[in-house]
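Below you'll find the structure, written out as structure tokens, and then a few comments.
The values are calculated or read from the model by the stated rules, or taken from the named source; none is laboratory data. Worth saying up front: this structure is predicted, and the values here are computed from it rather than measured. Glycine also receives a Cβ, built like all others from the backbone with ideal geometry; neighbour counts cover every protein chain displayed. We work out accessible area using only protein heavy atoms, side chains counted, and drop any ligands, DNA or RNA first. Shrake-Rupley method; radii C 1.70, N 1.55, O 1.52, S 1.80 Å.
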Amino acid sequence: MNACIIAVGSEMLTPFRVDTNSLVITERLNTIGYDVRLKAVVADDIDELADVVRSTLGWADVVIMTGGLGPTEDDVTRDAVARVLQIPMDVDEEIVERVRERFTRRGLSMPEINRRQAMVPRGATVLENPNGSAPGLLIQHERTTIVLLPGPPREMKPMLDAVIRHRLAPKMTGAGLFRRVVKITGRTESDVDGQAAPIYTKWTKQPVPISTTILAVLGQVELHLTARAQSEADANTALAAAVAELQHALGSSAYSVDGRPLEAVVGDLLRERHLTIALAESCTGGLLASRLTDVPGSSAYVERGVVCYSNRSKSELLGIPESFIESHGAVSEQVAEAMARGIRDRATTNIGIGITGIAGPDGGTPSKPVGTVCIAVVLQQDGANEPSSWVRTFPLFGGREMVKFQATQAAMNMLRLMVTGQRST
């Protein structure tokens with residue numbers, strides 16, 4: 001069964017708004033067996049929207065549209081659908097009264113323009129909106145079920161769940177789609193695919209078929225596994241076996257199989273082992289501390305972080321002699337390690353991390369080009385007399401923001417591998 005999702009709103013075609021509803025809708029539809037074949041964002045233009053809706057009728061079993069159900073002239077979703085289906089619209093007085101009552105409860109009079117929200121294409125089913133004034137609509141046109149929902153997520157989500165539960169799910173007797181994501185860091189996309197492809201290509205022919213997509217995103221590679229199964233239990237069994245096979249092949253580079261980002265994985269490791277951490281950042285400007293503290297409960301393991309951007313701050317806050325920095329250079333493995341040891345000693349934590357580098361776009365040299373980042377992790381193991389350290393230099397690519405993000409990703413991965421005893425050379 002094929003599905004299409006259409007987000008209506010000119011604001012989502014600017015840099016200031018993003019369509020997030022389609023992610024929720026896709027997940028809900030996949031679970032009951034619908035395969036989303038097209039997503040579109042369309043401006044508040046009745047002609048353009050009508051063209052998009054018309055193009056879906058020949059192939060889509062369900063079309064879910066969000067937005068454009070308000071009272072203003074640019075809310076054209078109802079009008080566009082009615083035009084395509086060549087059906088008139090009538091004013092539903094019950095809807096008018098419900099909208100009027102909402103205004104009355106707030107001590108206001110309903111503007112006449114709000115009567116537009118009561119315009120219903122003839123033959124449509126009205127869907128109640130418990131959290132807003134704009135009702136949803138459901139129209140059956142030959143093979144295609146067209147669902148119109150309001151754009152605000154707070155209103156859309158409960159209405160979508162009701163449509164799925166009462167209208168769409170009962171029609172589905174076939175398999176559902178279930179997903180897992182394996183996240184890998186520290187390796188390139190081609191390297192991962194070269195090792196994973198011989199494994200995942202055979203899954204398409206097994207009793208519970210699994211399709212696999214590889215995706216390279218900043219700082220990591222993701223393998224998206226989709227199983228088509230008659231039940232969630234069947235899918236979970238097949239996906240668990242597939243994930244285990246990939247983990248065995250990819251080894252320590254696969255850091256997450258349950259959707260957790262790297263900062264959550266690292267946070268769980270630190271919490272479970274009762275370890276604390278302090279951070280000294282130069283080129284990343286506090287981004288590592290920000291990412292670690294984005295995780296709820298991170299106060300259990302993050303003790304402090306300092307931004308030591310200048311050489312003077314490295315000396316004053318971390319106790320690194322200026323002569324040492326001048327001798328080795330601010331961007332060097334020696335200074336990164338001194339930063340990690342300095343912050344760990346001052347914070348009396350189990351772990352210290354130091355990051356220093358050249359984020360760009362200026363400041364690079366032939367021997368240390370833009371993107372050169374030195375990272376040190378110092379860890380005091382239980383029972384050890386002295387802390388152990390791991391220092392690496394990374395040649396990172398991209399602009400300033402990309403270099404900073406990749407540096408924090410590399411630092412957290414080094415920490416993860418060191419804490420779990422999987423450190424490589």
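Observations on the structure shown:
- Restricting Val192, Val221 to residues that are in a strand (DSSP E or B), open to solvent by less than 20 Å² (accessible area, probe 1.4 Å) and among the aliphatic types (A, V, I, L, M) narrows the list to Val221.
- Just one residue in the set Asp268, Asp234 is of a type in the set (D, E, K, R) and without any contact (Cβ under 8 Å) to a residue 24 or more places away in the chain; that residue is Asp268.
- Yes/no for Val18 being more than 23 Å from Ile164 (Cα to Cα), open to solvent by 30 Å² or more (accessible area, probe 1.4 Å) and not charged (D, E, K, R): yes
- Selection status of Glu401, on the phi < 0 side of the Ramachandran plot, out of contact with any Ser or Thr (no Cβ under 9 Å at 6 or more places or on another chain) and at pLDDT 95 or above: yes
- Glu263 being within 30 Å of Leu287 (Cα to Cα), open to solvent by less than 40 Å² (accessible area, probe 1.4 Å) and outside any helix (DSSP H, G or I): no
- Considering region 355-403, and only residues there that are in a loop (DSSP other than H, G, I, E, B) and either touching a Lys or Arg at 6+ places or on another chain (Cβ under 6 Å) or β-branched (Val, Ile, Thr) (or both), the residue that is farthest from Leu218 (Cα to Cα) turns out to be Thr365.
- Among (1) open to solvent by less than 70 Å² (accessible area, probe 1.4 Å); (2) at pLDDT below 95; (3) among the acidic types (Asp, Glu) - the single one Asp382 does not satisfy: (1)
- Residue, surrounded by the fewest Cβ atoms within 10 Å (Cβ to Cβ), within region 224-254, restricted to residues that are modelled with pLDDT of 95 or more and hydroxyl-bearing (Ser, Thr, Tyr): Thr237
- Residue list for region 40-64, restricted to those being within 14 Å of Arg78 (Cα to Cα), of a type in the set (Val, Ile, Thr) and assigned to a helix (DSSP H, G or I): Ile46, Val52, Val53
- Residue in region 266-285 that is within 30 Å of Gly352 (Cβ to Cβ), in contact with a helix residue (DSSP H, G or I) (Cβ under 9 Å, 6 or more places away or on another chain), open to solvent by 20 Å² or more (accessible area, probe 1.4 Å) and in a strand (DSSP E or B) present: no
- Taken as a whole, the structure places Leu215 among residues that are open to solvent by 60 Å² or more (accessible area, probe 1.4 Å) and outside any helix (DSSP H, G or I).
- Checklist (1) hydroxyl-bearing (Ser, Thr, Tyr); (2) modelled with pLDDT of 95 or more; (3) surrounded by fewer than 14 Cβ atoms within 10 Å (Cβ to Cβ); (4) not in a helix (DSSP H, G or I) applied to Thr201, failing item: (4)
- Whichever residue in region 48-78 is open to solvent by 40 Å² or more (accessible area, probe 1.4 Å) and in contact (Cβ under 8 Å) with a residue 24 or more places away in the chain and, among such residues, is farthest from Val120 (Cα to Cα): Trp59
- Residues that are open to solvent by 20 Å² or more (accessible area, probe 1.4 Å) and among the charged types (D, E, K, R), drawn from region 405-425: Arg423
- Scanning region 105-132 for residues that are of a type outside the set (A, V, I, L, M), within 19 Å of Leu160 (Cα to Cα), free of Cβ contacts under 8 Å to residues at least 40 places away in the same chain and not in a strand (DSSP E or B) yields Glu128, Asn129, Pro130, Asn131, Gly132.
- Residues in region 14-38 that are in contact (Cβ under 8 Å) with a residue 40 or more places away in the chain, among the charged types (D, E, K, R) and either touching a Phe, Trp or Tyr at 6+ places or on another chain (Cβ under 9 Å) or part of a helix (DSSP H, G or I) (or both): Arg28 only.
- Taking the numbered list (1) open to solvent by less than 60 Å² (accessible area, probe 1.4 Å); (2) touching a residue at least 60 places away in the same chain (Cβ under 8 Å) in turn, Met402 passes all entries but (1).
- Of residues in region 286-305 being surrounded by fewer than 19 Cβ atoms within 10 Å (Cβ to Cβ) and among the polar types (S, T, N, Q), the one farthest from Thr185 (Cα to Cα): Ser299
- Scanning region 81-104 for residues that are in contact (Cβ under 8 Å) with a residue 12 or more places away in the chain, open to solvent by less than 50 Å² (accessible area, probe 1.4 Å) and in a helix (DSSP H, G or I) turns up Val81, Ala82, Val84, Leu85, Ile95, Val96, Val99.
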